Each structure stands twice: as structure tokens, then as C-alpha cells.
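In what follows, a single structure is set out as C-alpha cells and then discussed.
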Amino acid sequence: MDGTQFEDFVADLCRRDGCTEVRRVGRTGDDGADVRGRLPDGRTMVIQCKRYHPKRKISNGEVRNLLGSQVHFKADLAVFVTTTYFSGPAERCAVQNGVVAVHRDHLGLWNNGAALPSLTAVNGAGQGDRRHSVGRYSIRGATT
């Protein structure tokens with residue numbers, strides 16, 4: 001899937017989970033937002049989607065750019081969804097600033113039925129190394 005299809009895929013997952021007013025807005029000059037909408041509880045959200053090769057990591061700067069988008073759009077929640085992993089500083093920045101960092105393992109959980117709001121419980125819980133591939137945490141019966 002290309003970048004636009006990935007953004008549509010993320011928007012569809014949001015809709016599946018009861019989010020409303022979900023729209024894909026990603027394009028050149030999108031002010032760092034690929035998907036915007038409302039969570040089931042009514043809070044606004046802004047989502048940045050990055051479809052990268054698994055060996056490339058999300059940088060701290062990319063997370064900070066999303067924080068700027070959250071301020072720009074006056075969103076209650078920022079979510080960063082990627083097909084890869086976050087660098088250590090990027091993951092720490094996300095967790096410290098309340099950004100939900102959905103890396104490839106969490107994306108698998110989300111795709112397999114975990115609801116977006118439940119992913120906040122595993123935010124910063126590790127990414128793709130041996131320590132986290134043996135069922136260290138679970139969401140609604142899905143274990144990674």
C-alpha cells in the first residue's frame with residue numbers, strides 16, 4: 001500500500017473504533033496532519049501516519065512536528081502511527097508529551113481488534129526487541 005492508502009487504512013481503523021468526523025487530510029502542506037477526527041468520547045485528535053521501511057526509525061524531530069500540529073489544530077490528542085519503530089528519544093518524547101506512539105507492533109494489535117483508546121495503556125511499552133516479543137503485555141486478549 002502506498003502512503004495515501006496507509007492514511008485511508010488508519011482512518012478506517014478509527015471509524016471502526018467509533019471515532020467520528022474522521023477525514024484523511026494528508027497531502028503536501030497538510031500542517032503535519034494526515035487524519036483528523038473525534039474520539040468516541042468527543043475529544044479531537046490529529047494523526048500523523050508514516051509508512052516507512054522497517055529498518056528506518058521515527059526521529060524525535062518527527063514527533064516534535066506532530067506536537068506542533070496538535071497545537072496548530074488545537075487537538076486534544078496526538079497520535080503517531082507508523083509501520084516501523086520509534087528511536088529511543090522519539091519514544092520518550094512521545095510518552096512525556098502524551099502522544100500515542102503506535103509503532104508496527106501496536107499497529108498489529110490495532111488492526112487485530114484492539115481499540116485506539118486502549119493503545120494508550122501500552123504507550124511506551126517497548127518496540128520489537130526480544131524482551132517484548134514474548135507476550136509481555138496484552139490488550140483485550142491480543143498479546144504481543
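At-a-glance table
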| read-out | value |
| --- | --- |
| Dimensionless Rg ratio for the stretch 40-79, taking C-alpha atoms and the 2.2 N^0.38 Å reference | 1.33 |
| Asp41/Val95 FRET efficiency (R0 25 Å; Cβ-Cβ; nearest 0.05) | 0.75 |
| Base-10 log of normalised Debye intensity for the stretch 1-110 (one unit scatterer per alpha-carbon) at q = 0.10, 0.12, 0.15 Å⁻¹ | -0.24, -0.35, -0.56 |
| Accessible surface, the stretch 1-115, averaged per residue in Å² (probe 1.4 Å) | 47 |
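The values are calculated or read from the model by the stated rules, or taken from the named source; none is laboratory data. Quantities reported herein were computed from a predicted structural model and do not represent experimental measurements. When we count neighbours, we look across all protein chains shown, and the Cβ atoms used for this are built from the backbone with ideal geometry, even at glycine. To get the accessible areas, we keep the full protein, side chains included, count just its heavy atoms, and leave off ligands, DNA and RNA. Shrake-Rupley method; radii C 1.70, N 1.55, O 1.52, S 1.80 Å.
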